[in-house]
Amino acid sequence: MKSKKSKLLLKPKYDVVFQSLFSDKNREETGFFISAILGKKIHIIKVNTEVSQARELPEEKIGRLDLLATTADGELIHIELQLVDYLNTIPRLLYSSCQLISKQLSRGDRYIRLQKSITIGLLNYELKELEDIDKMHTVWHFTEHEIKEKQLTDLQELHIIDMTKAKEMYHKNPQDILAQWILFILDPNETEVQSLMSKNEELKRTNEKLENISENEDVRKKAEILARWEREEKWNRQSVYEHGKEEGKAEGLKEGEEKGKIEGISIGELQEKRKIAKSMLEENIPIETISKITGLSQEEIKKLK
């Protein structure tokens, strides 16, 4: 069963769609989703989708989203959605988590004012550090080295969600609410996902908001460009990675794998960004917006006309 709308629903995994769907004007729907992640009912009083965090790599401006929500209890919830693995996920999430703590206080403020901060990483890839864990959703706290059940504080919490495992988790347990939501984020058009609307009222209401967003031609054009970028970026990285492995065989398979990963980060990225920029120019998207998404300078983008 597909949407009654004439066009397919846009995929919320693309930042322009996610930002439109889980926005300040859709606080209730944002609360539904975050509640599914945290496993408890929360009430959102503010959502900011214009969060600016430091980027370690210029290309992280594409395919990555930051969202900051504030709950009625004063908790700060920071969501990062990442489509491509840039091999820096753990340090970046920890850095973001620490910023969420440090930015709460100004000079002279008392530490007692600190509110709980929760960082959530939505990843569309499997982390090598967690490949031995057969779970989609892991939660991390400060605990004592030997007394694992002893938690030092609950002021800082990190959630990592491997979205590639959502379908497996759902098939194991169709009642898994978070797995239902992640399947929706990845592709709301799947028959299996649409069938959930009769079982999950909160998901159904969010889907209705997505139907309206999907009728916005400007959002649709940007989402289509991001979809093209994701396909090309993943293909480029995989092909260069495989090439690096082949070249590195003479020096040992392990060295070749490392070389493939490293080269995969840099080779071809400029060319891919220029392709994206040209596509966006053809759609008459403002140069400032193209620069923000691709990381290319406005001067360089003008030369592509």
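Using heavy atoms of the protein chains and a probe of 1.4 Å, the accessible area assigned to Y95 is about 110 Å².
A simple rule links phi to the HN-Hα coupling: the Karplus curve 6.51 cos²θ - 1.76 cosθ + 1.60 with θ = phi - 60°, which for the stretch 192-202 gives 4, 6, 4, 5, 6, 4, 7, 10, 10, 5, 5 Hz, with x for Gly and Pro. Volume of the convex hull of the stretch 93-136 (Cα atoms only), normalised per residue: 97 Å³. Ligands, DNA and RNA left out, the 1.4 Å accessible surface of the stretch 187-237 is 46% carbon and sulfur atoms. Working note: Karplus 6.51/-1.76/1.60 with θ = phi - 60° gives the stretch 91-97 the couplings x, 5, 5, 5, 4, 4, 4 Hz, where Gly and Pro are set to x.
Cross-link pairs exceeding 30 Å between alpha carbons, from the set K25/K148; K209/K303; K172/K204: K25/K148; K209/K303.
Against the criterion of solvent-accessible heavy-atom surface with a 1.4 angstrom probe, K204, K103, K135 sort, most first, into K103, K135, K204. For I120, the residues 5 or more places off, or on other chains, whose built amide H falls under 5 Å of its own are H78, I79, E80, H159. Take the Kirkwood radius over Cα pairs of the stretch 82-214, plug it into Stokes-Einstein at 10 °C and 1.306 mPa s, and you get 92 µm²/s for translational diffusion.
The values are calculated or read from the model by the stated rules, or taken from the named source; none is laboratory data. Being a predicted model, the structure only gives us computed values, none of them experimental. Only protein heavy atoms, including side chains, enter the accessible area calculation; ligands, DNA and RNA are left aside. Shrake-Rupley method; radii C 1.70, N 1.55, O 1.52, S 1.80 Å.
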